[in-house]
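> Take this structure, written in structure tokens, and hold onto it; I'll ask about it next.
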2 protein chains.
Amino acid sequence: MSVLIVGSTALDSIKTPKAENPRLLGGSASHAAVAASFFSPVKMVGVVGDDFPKRYIQLYRRHKIDLEGLQILPGKTFHWSGEYEVNMNNRRTLLTELGVFETFNPALPKSCQDSEFVLLANIAPALQHHVLNQMRRPKFVVADTMDLWLNIALPDLLKLIKRLDGFVLNDSEAHQLTKEDNVFAAVKKIHKLGPKYVIIKKGSHGSVLSGPRGFFICPAYPLHKVVDPTGAGDSFVGGMMGYLATARGSIEDNIRRGMIYGSVTASFCCEGFGLKCTTRVKRSHIEARVKELEKLTRF
Amino acid sequence: MSVLIVGSTALDSIKTPKAENPRLLGGSASHAAVAASFFSPVKMVGVVGDDFPKRYIQLYRRHKIDLEGLQILPGKTFHWSGEYEVNMNNRRTLLTELGVFETFNPALPKSCQDSEFVLLANIAPALQHHVLNQMRRPKFVVADTMDLWLNIALPDLLKLIKRLDGFVLNDSEAHQLTKEDNVFAAVKKIHKLGPKYVIIKKGSHGSVLSGPRGFFICPAYPLHKVVDPTGAGDSFVGGMMGYLATARGSIEDNIRRGMIYGSVTASFCCEGFGLKCTTRVKRSHIEARVKELEKLTRF
């Protein structure tokens, strides 16, 4: 089974205390699609400008990502520029140029409309709705979001959440959405908004799933050094959806293991700028870290 | 096998956004000793003033804690008063009256000197040294500490760390000690100071062990509501040491499971003010949560 992934396709200029990297391949869809590609075929829906480097198109192709849904429009590619603080946890947006994203209105190619696994990666909730409206009968729909949409598009986001099987957000966003400090209390409130599965991402502290069989506490892979955490959350959810799309059995049977695969894929993402490290990874590297996580959590 | 526990025995006045509780039984040794008592016999070393309520002595006795090493001196019991913020993570000390602790110099009764398992719960490192100097041949010595001693008694603390088998501290203290933001990088530096086992406590995010067999990622038990986290860290390490003192096999074989038992004991501590909830717990309640944690981390 393939995964349909819609989200942002961008150029990221990332500053950390140790380095500066201009115009890397970035965006939630790019990170999620590459992550998912280790496990299942991927169809990506997004938009880039005519300034989008050809080598990035080649990179998508090397990962066998179906680009029929990727529009190339006259104008500039979405450009985000941000800076991380010394501890790599706090980041600050320096610049956002929407470019061709400003008027993006994705018309899904026929080949994308039957996908059973749909990941609405972080992007304006109106666009997530728009994509979902064009889907025939998706089996499992998951969306990610960010604080920006909680601030400027909350009504759209709340309408979207109602339509989801799974909703993924980080702990500070869960707090912002529910006013609950306690993660487990927040999760309870989010279930009431609609989704059967709620996943809270906690960065280096891992993530928590709440679903019909209760909670799952998913560890982060222990990294001694984080080079650039941009896209780690997208890699996490992308890896999970890729795993679920090809795993045998029910979602409920597989989602815990799917999160572990997502967590490991995200760990590679953090070890290089942009997609540098993720794109070098082989499935065997992922399997090795999954085995390690099994050992690291056994008691 | 019994555990010898030295630390503070105090009266805690605790304010949270929802309640105020004066003169509860508190102190690192009290919390650790009650936690350890679910798993093994405990000998406690500490000092209280002649104002120490009899009902607290009875409470220790109900937990079969050997009090030969508890001195009752003329004067006031150590009194700590603190206030928690809304999110229950940040706390602020309002008042510290050392009382009889100011001149405390524990002389270990003979019966305590052969203990094989020694927990130097949080107290001035000079006192932790003093107790360790009186031990015959302890098999496994673990110490906990707090930011105060990093600030005002670092040379003493560094000398102590050299003598330990295991050192337990929280993530912000690990950062303060090593200047490393990354937990796993911090752990590496702490091993170089002496201890074979390093445990970093991360509050509601669980804890991490580093030892000869590598890392262990220990989850916190999911709580929907934290009433009062005071003493949770002491309960964690007390529960772990109690478990280790009676478990068959090597420390290395048992320490992961020991941390899980500590983590569960700490979860009960957080559900009531002071020791209110911990003292109501039965071993069967602990076993039930350990089983739940097994389920919550399986993938």
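The values are calculated or read from the model by the stated rules, or taken from the named source; none is laboratory data. Keep in mind it's a predicted model, so treat the numbers as computed, not measured. Neighbour counts are summed over all protein chains in view; Cβ atoms, including those assigned to glycine, are modelled from backbone coordinates with ideal geometry. For accessibility, only protein heavy atoms count, side chains too; no ligands or nucleic acids. Shrake-Rupley method; radii C 1.70, N 1.55, O 1.52, S 1.80 Å.
> Put a dot 7 Å past each Cα toward the Cβ at A:T93 and B:L95; how far apart are the dots in nm?
4.8
> How big a patch of accessible area, both sides summed and in Å² to the nearest 100, lies buried between B and A at a 1.4 Å probe?
Numbers: alone 13840 and 13820 Å², together 25040 Å².
Result for this pair: about 2600 Å² buried.
> Can you give the extra length, in nm with one decimal, that the chain gains between A:E85 and A:M146 once fully stretched, where that is 0.36 nm per residue apart less the Cα-Cα distance?
On the way: separation 61, 0.36 × 61 = 21.96 nm, distance 1.93 nm.
The A:E85-A:M146 span can extend by a further 20.0 nm.
> Here's something else I'd like to know. Please compute, over every Cα-Cα pair in the protein assembly as shown, the percentage with a separation greater than 38 angstrom. Before the final figure, lay out each step's value.
Working: 64728 of 178503 pairs.
Tail fraction, whole percent: 36.
> If you don't mind, there's one more thing I want to ask. What order, most packed first, do the peptides B:224-236, B:259-271 have when packing is the mean number of other Cβ atoms within 10 Å of each residue? Intermediate values should be presented prior to the final figure.
Details: B:224-236: 23.5, B:259-271: 27.2.
For the peptides B:224-236, B:259-271, the packing ranking is B:259-271, B:224-236.
> Taking amide H positions as placed in the peptide plane 1.01 Å from N, state which residues far from A:S207 in sequence (5 or more) or on other chains have amide H under 5 Å from it.
So A:S207 has HN proximity to A:K202, A:C218, A:A220.
> Oh, and also: Which distance in nm do the two modelled labels at B:K282 and A:R62 give, with both placed 7 Å along the Cα-to-Cβ direction?
Result for the modelled spin labels: 6.2 nm.
> Also: From the P(r) of segment A:17-125, could you give the percentage of C-alpha pairs in the tail past 18 Å? Spell out each step's value before the answer.
Numbers: 3212 of 5886 pairs.
When every Cα pair of segment A:17-125 is considered, 55 percent fall beyond 18 Å.
> Per residue, how much accessible area does segment A:189-299 have with a 1.4 Å probe, in Å²?
Numbers: 4100 Å² over 111 residues.
Averaged over the residues of segment A:189-299, the accessible area is 37 Å².
> Evaluate the distance, in nm, between pseudo-label points positioned 7 Å from the Cα of B:H129 and of B:S172 along their respective Cα→Cβ axes.
Label at B:H129, label at B:S172, 2.7 nm between them.
> If you don't mind, another one. Counting pairs of Cα atoms in segment B:144-299, how many percent are more than 24 Å apart?
Details: 3950 of 12090 pairs.
Considering segment B:144-299, 33 percent of its Cα-Cα pairs are separated by more than 24 Å.
> A:L70's amide H: which non-local residues (gap 5+, or another chain) put their own amide H closer than 5 Å, with H modeled 1.01 Å from N in plane and none for Pro or chain starts?
A:G46
> How many percent of DSSP beta bridges within chain A run antiparallel, rounded to 5?
Numbers: 20 of 51 bridges.
Approximately 40 percent, going by the DSSP bridge assignments.
> A follow-up question, please. Fully extended, how many nm does the chain gain between B:Q113 and B:K179 (0.36 nm per residue separation, minus their Cα-Cα distance)?
20.1 nm
> For segment B:1-98, which trypsin sites (Lys or Arg not before Pro) are both in a DSSP coil and crowded by at most 13 other Cβ atoms within 10 Å? Walk me through the numbers on the way to the answer.
Numbers: sites: B:K15, B:K18, B:R23, B:K43, B:K54, B:R55, B:R61, B:R62, B:K64, B:K76, B:R91, B:R92; in loops: B:K18, B:K64, B:K76.
Here the sparse-neighbourhood loop sites are B:K18, B:K64.
> Please give the average number of partner chain Cβ atoms lying within 10 Å of the Cβ of each residue in A:292-299, rounded to a whole number.
Details: counts 2, 2, 2, 4, 8, 9, 7, 17.
If you average over the peptide's residues, the count of other-chain Cβ atoms is 6.
> Just list whichever of A:K188/B:K189; A:K43/B:K291; A:K162/B:K225; A:K201/B:K179; A:K282/B:K295; A:K15/A:K64 have alpha carbons separated by over 32 Å in the model shown. Each step should come with its number before you reach the end.
On the way: A:K188/B:K189 40 Å; A:K43/B:K291 41 Å; A:K162/B:K225 26 Å; A:K201/B:K179 26 Å; A:K282/B:K295 30 Å; A:K15/A:K64 30 Å.
Correct reply: A:K188/B:K189; A:K43/B:K291.
> For chain B, what D do you get in µm² per second when you plug the Kirkwood radius from alpha-carbon pairs into Stokes-Einstein at 25 °C and 0.890 mPa s? Let's see the in-between values first.
Details: Rh = 18.9 Å.
Rounded, D is 130 µm²/s.
> State which helices in chain A qualify, where a helix is a whole DSSP H run, it must extend 18 Å or more along its own axis by its Cα atoms, and its mean Kyte-Doolittle hydropathy must be at least 0.0.
Details: long enough: A:232-246 (22 Å, 0.69); A:251-270 (28 Å, 0.27); A:283-297 (21 Å, -0.93).
Length and hydropathy pass: A:232-246, A:251-270.
> Given a Förster radius of 60 Å and the C-beta distance between B:R248 and B:A19 as r, what FRET efficiency does 1/(1 + (r/R0)^6) yield to the nearest 0.05? Working shown, then result.
Working: r = 43 Å, r/R0 = 0.71.
Given R0 = 60 Å and the Cβ-Cβ separation, E is 0.90.
> Can I ask one more? At 222 nm, what value in deg cm²/dmol follows for the protein assembly as shown if DSSP H runs of at least 4 each add -39500 (n - 2.57) and the sum is divided by all its residues, to the nearest 500?
Details: 22 runs with 227 residues, N = 598.
That comes out to -11500 deg cm²/dmol.
> Can you give me the convex hull volume of the Cα atoms of segment B:59-171, divided per residue and expressed in Å³?
On the way: hull volume 16.5 nm³, N = 113.
It is 146 Å³ per residue.
> From the label point of B:I72, set 7 Å along Cα to the beta carbon, how far off in nm is each other copy's matching point, shortest first?
8.6
> Let me ask something additional. What percentage of the solvent-accessible surface of segment B:1-87, computed with a 1.4 Å probe over protein heavy atoms, is contributed by carbon and sulfur atoms? Walk me through the numbers on the way to the answer.
On the way: 1850 of 3540 Å².
Here it works out to 52 percent.
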